[in-house]
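Inspection log for the structure reproduced underneath, given as structure tokens.
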Amino acid sequence: MTTFAYVIAGSEATGGAGFQVDLKTFQQMGVYGVGTLSCIVAFDPKNGWGHRFHPVPADLIAEQFEAATATYDLDTVKIGMLGTPQTIDIVAKCLASQPWKNVVLDPVLICKGQEPGAALDTDTALREKILPLATVVTPNNFEACTLSGLPELKGIDDMVEAGKRICQLGPVAAVVKGGVDLPGPDAVDVLVERKPDGTFTSEAFSVPKIGEERVSGAGCTFAASITAALALGASVRDAVATAKDNVTKGIKARVHAHTPFDTVWQGAF
Ligand code: PXL
């Protein structure tokens, strides 16, 4: 029987992040990928590889959603970069139109090249309209601060606290990604799960860092791996363990490019 996973995310035209990474990850994990484009990002090689960002019009997002959900019985979706309050509005409406078993949110607030805080209305809309619909959310350090209201995350205790605060906004699980932002020799991700009685459990997933440079597509690969594993029936805990393993292998086998950063190779897992 075919397992399906759906993604609503942006295209990053080099194939190193976004929608393309999501579909590659799904395919690599034996899951049939279905996708709706929310925006198109084209790096500008003449201008420091900055982001040229183009939203997809709301009615075109709704049409894609209609086509995808009429074609297959989809119950597992990943949400990637949305980018504007208008896009967030239509995606929230689409998501609310049917039940889901798993809604994995990679809360992409800013990309490399954007100023933090430049899009406060987008951050607020994401927190108010999409986060409550998510079952699992995968913020990096900056996103975890923005969503939780904590000023900074200095270590695992802060990551657990941020995860708890974020779960109180709707999701049953938050995975706070330490990445290269967390000092120390290890790349640490902390899973916080909210139990039905309102208590929390937490678990840290740690592997030695592979360099101190950010690798493009790591966050997308991580959330897409969780999504595919959940679609295949894994628990959240096991889905996170699989995702960590995939990202570690994909970073070790990274692809070099003319950009100032390398990109994850999904073929490595
Ligand atoms: O890696 C975050 C990300 C997600 N989605 C799109 C992007 C980026 C970063 O460049 O362009 C479309």
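Quick check on L105: is it surrounded by 21 or more Cβ atoms within 10 Å (Cβ to Cβ), at pLDDT below 95 and closer than 23 Å to A224 by Cα?
When the stated conditions are applied, L105 does not pass them.
Restricting the search to segment 70-88, which residues are within 16 Å of the ligand (Cβ to nearest atom) and not in a loop (DSSP other than H, G, I, E, B)?
Within segment 70-88, V77, K78, I79, T87, I88 meet the criteria.
When only residues in segment 212-242 that are in contact (Cβ under 8 Å) with a residue 60 or more places away in the chain, within 16 Å of the ligand (Cβ to nearest atom) and closer than 15 Å to G179 by Cα count, which is surrounded by the fewest Cβ atoms within 10 Å (Cβ to Cβ)?
R214
Away from the ligand (no atom under 16 Å from the Cβ) and within 27 Å of G15 (Cα to Cα): is that true of P196 in this structure?
For P196, the condition - away from the ligand (no atom under 16 Å from the Cβ) and within 27 Å of G15 (Cα to Cα) - is not met.
Quick check: anything in segment 103-110 in contact with an Asp or Glu (Cβ under 7 Å, 6 or more places away or on another chain) and not acidic (D, E)?
yes
Just checking, how many residues over segment 170-186 are surrounded by fewer than 22 Cβ atoms within 10 Å (Cβ to Cβ), modelled with pLDDT of 95 or more and within 20 Å of A239 (Cβ to Cβ)?
Summing the residues that are surrounded by fewer than 22 Cβ atoms within 10 Å (Cβ to Cβ), modelled with pLDDT of 95 or more and within 20 Å of A239 (Cβ to Cβ) in segment 170-186 gives 2.
For every residue, the table says whether it meets (1) open to solvent by 10 Å² or more (accessible area, probe 1.4 Å); (2) more than 16 Å from the ligand (Cβ to nearest atom).
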| residue | (1), (2) |
| --- | --- |
| M1 | yes, yes |
| A17 | yes, no |
| G35 | yes, no |
| V41 | no, no |
| N47 | yes, no |
| I90 | yes, yes |
| L95 | no, yes |
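With the checklist (1) within 16 Å of the ligand (Cβ to nearest atom); (2) open to solvent by less than 50 Å² (accessible area, probe 1.4 Å) in hand, flag the one item C167 doesn't pass.
Going through the list (1) within 16 Å of the ligand (Cβ to nearest atom); (2) open to solvent by less than 50 Å² (accessible area, probe 1.4 Å), C167 breaks only (1).
The values are calculated or read from the model by the stated rules, or taken from the named source; none is laboratory data. Keep in mind that this is a model prediction, so the values were computed, not measured. Here the Cβ is made from the backbone with ideal geometry for all residues, glycine too, and neighbour counts use every protein chain on show. Note: accessible area is taken over every heavy atom of the protein model, side chains too, but ligands, DNA and RNA are not part of it. Shrake-Rupley method; radii C 1.70, N 1.55, O 1.52, S 1.80 Å.
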